[in-house]
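Here is the structure we will look at, set down as structure tokens.
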Amino acid sequence: MLGLYVHIPFCSKKCLYCNFFSVKYEQDLADKYIDALIKHSLTFKNITLDSIYIGGGTPSILSSKQIERLLTSINNRFDLSKLVEFTFELNSDSVTLEKLNILKNYKVNRLSIGLQSTDDKFLKFLGRVHNFKNFRAVYDIARQVGFHNISIDLIYGIAGQTVKDWENTLLKVLKFDSDNISLYPLSIEQDTIFYKNGIVTSDYIQRDMYDFSVDFLERNGYEHYEISNWAKRGNESFHNTNYWRNFEYIALGAGASGYLNRIRYKNVSNIKKYIELINNKSNVKIEKEYIDEKLYSFEYIMLGLRLLKEGVHIKHFDNIHYQNILEDFVNKKMLVKHGDRIKFTKGYEFLFNEIVSKFIV
Ligand SMILES: C[S@@+](CC[C@H](N)C(=O)[O-])C[C@H]1O[C@@H](n2cnc3c(N)ncnc32)[C@H](O)[C@@H]1O
Ligand code: SF4
């Protein structure tokens, strides 16, 4: 069983903080890109998928016809009889009833919507195209169409945002009763307008907002199952959880990463090049790395510790170097043993990078 990630590298406009691989949507280029994705999918044979994630970029910016062509091909090409979860990412400014009905007809059963903030002032600051009213309308229609699993993405620690502002955002988001909520601290990434403009964030304020979120969401029926993710019980993202469990998945599309037969790979991050390579039946994988035993254990720990409830099996710490580091963190009560699992002590997951970097081999 495998997961499939499909990358749609188009957006209506670049958000000022984002350095994910995406360019401005053009109908003609997107048509050719969908053709290439379909041809790429034909190179995979006899694959049963248990999860699919179509992300971006902005998958919902594709036209109804483009979405239908892509989903038809995925439905025909892969065995979906064991499919558990099929997620499609949406930006509310590009969603229509017609598109939602197509998604529903082709087995999409989970939507992930980028809201980022409920305050139009911050949406504008972030360079988002949608406003809160627009999100509300799309969310309601999606529920009416029959989507029972919806996730909302939010960003906190935006320059100028107070803890009170953040509390108000969470209060408003709670009313939607969404199944999953993903919270990301604003990070200032290179090659973004925010970086060029010298926008700064505060670690202290982000920490306060994070602590508030942990308590608030738990009090209101959400379980904190991954550092950045909360869900109603039973609605944890299956695809993403498998990723954190270090399971394998294949990748379609420019800039998409996959992991198969112990090899991590990345497809070329250039749309025209990707289309050209696919049309010439050439290899689109530009980066390949074999994951040897040492790296495998490190990745297992690094990814698995993100799963706060599940943690990592103790057998992955099975060398003297790891045992010493683990003992040190357990003595300092930063990590904790629960039976044969190792997990973060509540609160220490915020120091994820600092703690996990000690395990680098
Ligand atoms: C790459 S986006 C794709 C989803 C969709 N295009 C959208 O923006 O709503 C996935 C999520 O990553 C988060 N994100 C992207 N860049 C970020 C940054 N620099 N800091 C914090 N979160 C970020 C946003 O919350 C976004 O919803
Ligand atoms: S945050 Fe989403 S919508 Fe904005 S540029 Fe990045 S991928 Fe596109």
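Condition check ((1) surrounded by fewer than 18 Cβ atoms within 10 Å (Cβ to Cβ); (2) over 20 Å from the mean Cα position of the chain (by Cα); (3) more than 14 Å from ligand 2 (Cβ to nearest atom)) across all residues:
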| residue | (1), (2), (3) |
| --- | --- |
| PRO9 | no, no, no |
| SER22 | no, no, no |
| LEU29 | yes, yes, yes |
| ALA36 | no, yes, yes |
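Results for (1) under 20 Å from the mean Cα position of the chain (by Cα); (2) away from ligand 1 (no atom under 11 Å from the Cβ); (3) closer than 23 Å to SER22 by Cα; (4) assigned by TED's automatic domain parsing to the domain that holds LYS24, shown as yes or no for each residue.
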{"position": "ASP140", "(1), (2), (3), (4)": "no, yes, no, yes"}
{"position": "ARG143", "(1), (2), (3), (4)": "no, yes, no, yes"}
{"position": "HIS148", "(1), (2), (3), (4)": "yes, yes, no, yes"}
{"position": "ILE152", "(1), (2), (3), (4)": "yes, no, yes, yes"}
{"position": "ILE158", "(1), (2), (3), (4)": "yes, no, yes, yes"}
{"position": "LEU174", "(1), (2), (3), (4)": "no, yes, no, yes"}
{"position": "LEU183", "(1), (2), (3), (4)": "yes, no, yes, yes"}
{"position": "GLN190", "(1), (2), (3), (4)": "yes, no, yes, yes"}
{"position": "ASP203", "(1), (2), (3), (4)": "no, yes, no, yes"}
Which listed residue, of GLU26, GLU85, GLU89, is farther than 23 Å from LEU154 by Cα and among the acidic types (Asp, Glu)
GLU26
What do you reckon, is ASP208 acidic (Asp, Glu) and within 16 Å of ligand 2 (Cβ to nearest atom)?
no
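Could we say that THR43 is of a type in the set (Val, Ile, Thr), free of Cβ contacts under 8 Å to residues at least 60 places away in the same chain and in contact with a strand residue (DSSP E or B) (Cβ under 9 Å, 6 or more places away or on another chain) here? Step through it out loud before you land on a result.
Working: of a type in the set (Val, Ile, Thr): yes; free of Cβ contacts under 8 Å to residues at least 60 places away in the same chain: yes; in contact with a strand residue (DSSP E or B) (Cβ under 9 Å, 6 or more places away or on another chain): no.
It is false that THR43 is of a type in the set (Val, Ile, Thr), free of Cβ contacts under 8 Å to residues at least 60 places away in the same chain and in contact with a strand residue (DSSP E or B) (Cβ under 9 Å, 6 or more places away or on another chain).
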Those residues of region 150-194 which are within 16 Å of ligand 2 (Cβ to nearest atom) and of a type in the set (Phe, Trp, Tyr) amount to TYR156, TYR184, PHE194
The correct count of residues that are farther than 19 Å from TYR243 by Cα and surrounded by fewer than 17 Cβ atoms within 10 Å (Cβ to Cβ) in region 81-93 is 1
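Would you confirm whether or not region 85-94 contains a residue that is under 22 Å from the mean Cα position of the chain (by Cα), closer than 26 Å to PHE212 by Cβ and not small (Gly, Ala, Ser)?
No, there is no match, as no residue in region 85-94 is under 22 Å from the mean Cα position of the chain (by Cα), closer than 26 Å to PHE212 by Cβ and not small (Gly, Ala, Ser).
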Going residue by residue through region 280-292, is there one that turns out to be of a type in the set (Ser, Thr, Tyr), farther than 22 Å from LEU307 by Cβ, assigned to a helix (DSSP H, G or I) and not assigned by TED's automatic domain parsing to the domain that holds PHE10?
no
The lone condition PHE44 fails out of (1) surrounded by fewer than 19 Cβ atoms within 10 Å (Cβ to Cβ); (2) in contact with a helix residue (DSSP H, G or I) (Cβ under 8 Å, 6 or more places away or on another chain); (3) farther than 20 Å from PHE247 by Cβ is (3)
Subset of region 285-307 that is touching a Gly at 6+ places or on another chain (Cβ under 9 Å) and crowded, with 19+ Cβ neighbours inside 10 Å - its residue that is nearest to PHE44 (Cα to Cα):
GLY304
Yes or no: ASN131 touching a helix residue (DSSP H, G or I) at 6+ places or on another chain (Cβ under 8 Å) and within 16 Å of ligand 1 (Cβ to nearest atom)?
yes
Taking the residues in region 222-246 that are in contact with a Leu (Cβ under 8 Å, 6 or more places away or on another chain) and aromatic (Phe, Trp, Tyr) as candidates, determine which candidate is nearest to ASP177 (Cα to Cα).
TRP230
In region 38-50, is there at least one residue being within 16 Å of ligand 1 (Cβ to nearest atom) and either assigned by TED's automatic domain parsing to the domain that holds LEU126 or among the small types (Gly, Ala, Ser) (or both)?
no
Here is a check on your reading of the model: is GLY258 assigned to a strand (DSSP E or B) and farther than 15 Å from LEU307 by Cβ?
yes
In region 205-233, what residues are over 18 Å from the mean Cα position of the chain (by Cα), surrounded by fewer than 19 Cβ atoms within 10 Å (Cβ to Cβ) and not β-branched (Val, Ile, Thr)?
ARG207, ASP208, ASP211, PHE212, ASP215, PHE216, GLU218, ARG219, ASN220, GLY221, ARG233
Residue within region 88-103 that is more than 16 Å from ligand 1 (Cβ to nearest atom), touching a Leu at 6+ places or on another chain (Cβ under 9 Å), closer than 23 Å to ILE275 by Cβ and not basic (Lys, Arg) present
no
Given (1) farther than 15 Å from GLN116 by Cα; (2) out of contact with any Ser or Thr (no Cβ under 7 Å at 6 or more places or on another chain), number of the condition GLU167 does not satisfy
(1)
Being without any contact (Cβ under 8 Å) to a residue 12 or more places away in the chain and part of a helix (DSSP H, G or I) is the filter; apply it to region 114-132 and report the residue that is farthest from ligand 2 (Cβ to nearest atom).
LYS121
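The values are calculated or read from the model by the stated rules, or taken from the named source; none is laboratory data. Note that the structure is a prediction, hence the values are computed from the model and not measured. Positions of Cβ are backbone-derived with ideal geometry, glycine not excepted, and every protein chain shown enters the neighbour counts.
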